[in-house]
Amino acid sequence: MGLKKRLVFHTTFADYRATQIIGQGGSGRIFEAVDDSGEKWAIKVLDVVKATKERTKRFKNELMFCFKNEHQHIVTVVDHGLIVEGEDTAPFYVMPRYDASLRALLKDGIPRHGALEYFAQILDGVEAAHMQQVVHRDLKPENILYDAIEP
């Protein structure tokens, strides 16, 4: 979904230019963005209209958990900041841009021999979060991301 206006996310050390909206959920939007070197990223922004005190707290917890994450099956936040849109200010964070979600994989069809491998990786990530006393409140195929394996 293309953007109607230019949207740039500024952080202390980088600028990210949004190219399109790649997702939308109950508390925010996710943009594809490109940094100054041309690398693609995904940026999750809290929707200030839907930002209740509880959602803001959950967004902060999610950001902080993923920022300190080192587990290969949990998304890592690489940068974060605030964006000003009109009179509203919204927090955002930057994470790697993945090829697709489990939903796309399911639509394309997962080979039988690969299903258990994917399942094991998902459980590995969930277990790692649980060991840190973190529960994912919205575990669904759209929130499980993957990159195609390149030879």
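A short reminder: the numbers here are calculations on the coordinates, not readings from a lab. Small disclaimer: the values here were computed from a predicted structure and weren't measured. All Cβ positions, glycine included, derive from the backbone under ideal geometry; neighbour counts span all protein chains shown.
Computed from Cα positions, the angle between helix 53-67 and the longest principal axis of the chain comes to roughly 60 degrees.
Sort 95, 64, 131 by Cβ crowding within 10 Å, fewest neighbours at the top.
Working: 95 21, 64 13, 131 9.
Starting with the residue having the fewest Cβ neighbours, the order is 131, 64, 95.
Residue-wise HN-Hα couplings along the stretch 128-137, as the Karplus relation 6.51 cos²θ - 1.76 cosθ + 1.60 with θ = phi - 60° gives them from phi, are 4, 5, 4, 5, 9, 6, 10, 10, 6, 8 Hz; Gly and Pro carry x.
Exposure proxy for 53, 140: other Cβ atoms within 10 Å of each Cβ, ordered fewest to most, give 53, 140.
Under Stokes-Einstein, with the Kirkwood radius over Cα pairs as Rh, the value for the stretch 98-151 at 37 °C and 0.692 mPa s is 270 µm²/s.
The stretch 34-108 to the stretch 111-151: how many Å between their Cα centroids? Value for the Cα centre distance between the two parts: 17 Å.
Pairs of Cα atoms in the chain fall into 5 Å distance bins, from 0 up to the last occupied one, in shares of 2, 8, 17, 22, 20, 16, 10, 4, 2, 0, 0 percent.
Loop-located trypsin sites (Lys or Arg not before Pro) in the stretch 71-151 (DSSP state other than H, G, I, E, B) with a sparse environment of at most 13 neighbouring Cβ atoms within 10 Å: 137.
Per-residue 3J(HN,Hα) values for the stretch 9-23, derived from phi via the Karplus relation 6.51 cos²θ - 1.76 cosθ + 1.60 with θ = phi - 60°, read 9, 9, 10, 4, 10, 8, 10, 10, 9, 5, 10, 6, 8, 10, x Hz in sequence order (x marks Gly and Pro). Between the amide H of residue 29 and those of 45, 47, distances stay under 5 Å, these residues lying 5 or more places away or on another chain, with hydrogens modeled in the peptide plane. Here the stretch 1-111 is treated with +1 on each Lys and Arg Cβ and -1 on each Asp and Glu Cβ, and its dipole about the Cα centre works out to around 420 debye. Between amide H atoms placed 1.01 Å from N, distances below 5 Å from residue 97 occur with 42, all of them 5 or more places distant or on a separate chain. Largest GNM mean-square fluctuation among 128, 120, 33, using the chain with Cα springs under 10 Å: 120.
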